[in-house]
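Written out below as structure tokens is the structure these notes cover.
The values are calculated or read from the model by the stated rules, or taken from the named source; none is laboratory data. None of these values were measured; they are calculated from a predicted model. Every residue, glycine among them, receives a Cβ derived from its backbone with ideal geometry; neighbour counts consider all protein chains shown.
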Amino acid sequence: MKYDADSFRAENQQEIIRREAMISQESVFRRYALEKKLISHVTAGNYEQAIRVLDSFSDNPDDYADLIARIPNDPARRLRYFGSLLNTMLRVSLLSSQIPVMHIHIVATHFGILLEDAPIEYLREEHILHRIIEAYCYYAGEFNGTPYSDTVSKITDYIIFHINEDLSLHQIAEAFHFSPAYVNRILKKETGCTTIQYIKRSRIFLSKTLLHFGDLTITDIAVSVGYSDCNYFCRVFKQLEGISPMQFRQIHGERIL
């Protein structure tokens, strides 16, 4: 059978009109207003307020009548789909924040895999929508503050993308054709850390993200964040966090807050 693009587009538009006709203008405006409010709370790291918005949204079926119309008889599939929409919406909304993209990527990928593969009973028992908001609020709160300048943002992004390498101040300076003293000065001014301190802090924070999400061994995590010596990684982690990586995983598991 030959594919008819014009016919498909026409049928698709008719289907959109049919389904959209089931939604009132008021509910459309309410839904988008709630989504904007939810994003604003998450980007500010306000978990409790974000959950209240989500719960008010969930209590009123009119707010997602289009989703029900699209997937009318499959609540389990609707939960996965709505979770994926929420995960994507928050991932994109936080890209302009100070949160390093590697953290956003790990969190988004973790929940993307869960929503695709986990048994629906697990997603319900774990209140997956709350968990998604919890994670993004945590990172938004951790990196809340005045946005970095373009130059410092580029340097910090470079550090994160090369975090598993043997990074040095001179390597970073050469990558941007700056003097080492200049890189150190502007990083210290905007982040409060010297270059070496920022690298160490970034490595440990990224390791915490990996400890939260995934089953990597402590050795694998150490290598992933740039420490070839696992024992040294554990010493640095304990120095900054007060506990060992294993203790951190045992205490927090996949819980963020």
Do we have any residue at all in the stretch 197-211 that's touching a Lys or Arg at 6+ places or on another chain (Cβ under 9 Å), under 26 Å from Glu134 (Cβ atoms) and without any contact (Cβ under 8 Å) to a residue 12 or more places away in the chain?
-> no
Working carefully through the options Ser84, Ser96, find the one that is at pLDDT below 90, out of contact with any Lys or Arg (no Cβ under 7 Å at 6 or more places or on another chain), under 30 Å from Asp157 (Cβ atoms) and among the small types (Gly, Ala, Ser).
-> Ser96
Out of the residues in the stretch 202-228 that are modelled with pLDDT of 90 or more and more than 16 Å from Ile163 (Cβ to Cβ), state the one that is surrounded by the most Cβ atoms within 10 Å (Cβ to Cβ).
-> Ile218
Subset of the stretch 124-177 (residues that are among the β-branched types (Val, Ile, Thr) and assigned to a loop (DSSP other than H, G, I, E, B)) = Thr146, Ile163
Exactly one condition in (1) on the phi > 0 side of the Ramachandran plot; (2) touching a residue at least 60 places away in the same chain (Cβ under 8 Å) is not met by Asn164; state its number.
-> (1)
Would you please name the residue that is surrounded by the fewest Cβ atoms within 10 Å (Cβ to Cβ), looking only at residues in the stretch 91-143 that are touching a residue at least 40 places away in the same chain (Cβ under 8 Å) and of a type in the set (Phe, Trp, Tyr)?
-> Phe143
Being buried (at least 17 other Cβ atoms within 10 Å of the Cβ), modelled with pLDDT of 85 or more and under 23 Å from Tyr32 (Cβ atoms), is that true of even one residue in the stretch 147-168?
-> no
